1. DSSP loop (so not H, G, I, E, B), at most 12 other Cβ within 10 Å: list which chymotrypsin sites (Phe, Trp or Tyr not before Pro) in region 72-168 pass both filters.
2. Antiparallel DSSP bridges in the chain: what percent, to the nearest 5?
3. Suppose every Lys and Arg Cβ carries +1 and every Asp and Glu Cβ carries -1, with no other charges. What dipole size does the chain come out with about its Cα centre, to the nearest 20 debye?
4. Looking only at trypsin sites (Lys or Arg not before Pro) in DSSP loops with at most 13 other Cβ atoms within 10 Å, what is the longest site-free stretch of the chain?
5. At 0.36 nm per residue, minus the direct Cα-Cα distance, what do Asn207 and Glu192 gain on full extension? Give it in nm, one decimal, please.
6. By how many nm would the segment from Gln133 to Ile47 lengthen if fully extended, with 0.36 nm per residue of separation less the alpha-carbon distance?
7. Anyone know which of Gly95, Gly164, Gly152 comes out most mobile in the 10 Å Cα GNM of the chain?
8. If Lys and Arg each add +1 and Asp and Glu each add -1, what is the summed charge of the other residues whose beta carbon sits under 13 Å from the beta carbon of Tyr114?
Amino acid sequence: MPNIYQFTLLRHGESVGNFESRVQGRSEFPLTDTGREQANALAQRWIADGQTFDQIISSPQSRSRETAEIIAGCLSLSVEFDPLWVERDYGKLSGLRGEDAEKTEQRPLYSIPYHPVGENGESMWELYLRGGQAVLSMVRREPGRYLIVSHGGILNMVLYNILGIAPQAYFRGPRFLFRNTAYASLTYNPNEHIWRVLAINERSHWNGDS
């Protein structure tokens, strides 16, 4: 369809940090063997379905990079790396196991979106603004079919921007589920400024729990 964008927003495969229940953020964790199998299974599903892309854009973090490179190898595409798509900076919580992160920083009784996480990490508002920059970078490209490989936190804020949802106080607001190698499918018509959400958390290629 001329002048129509097709975006697939994909979360990376299972990483060592996922497997160990860690707060990942900007910490680097490679994919597990399961994560690699997930990425390959998704690529094979897309090949069987005849799904193609004009460009793959990925976070440069290792778990997204490896996911993107596996899919790119199967689909004979190149990967462009863009730091706008890195995960939220969780400050001093990055890399900690979930229970240790809770001991390190107790959730306040009241929190506003401007408060940093992990003392010096990225506030929800900063993450939201970066999500807006990511959306802008997408629609400034030529219309086409784009696969974006990234992380759950920033992908949520991209959807917030697209759907007109602002970050709210005290952790309120919707949360969009992205399991490992689950994706959202959207189209954008710039002539009418119409976004259409076709799928969220699509993961029919994988039946496992992770």
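Where a number appears in this text, it was derived from the coordinates with a stated rule and is not lab data. Note that the structure is predicted; figures quoted are calculated from it, not measured. In this analysis, Cβ positions are derived from the backbone assuming ideal geometry, glycine residues included, and neighbour counts consider all displayed protein chains.
1. On the way: sites: Phe81, Trp85, Tyr90, Tyr110, Tyr114, Trp125, Tyr128, Tyr146, Tyr160; in loops: Tyr90, Tyr110, Tyr114.
Loop-located and lightly packed - Tyr110, Tyr114.
2. Roughly 50 percent of the beta bridges in the chain run antiparallel, per DSSP.
3. On the way: 21 positive and 24 negative charges, 81 e Å.
Charge dipole of the chain: 400 debye, to the nearest 20.
4. Numbers: sites that count: Arg140, Arg141, Arg172, Arg175.
The reported range is 1-139.
5. 1.6 nm
6. 27.9 nm
7. Gly164
8. -2
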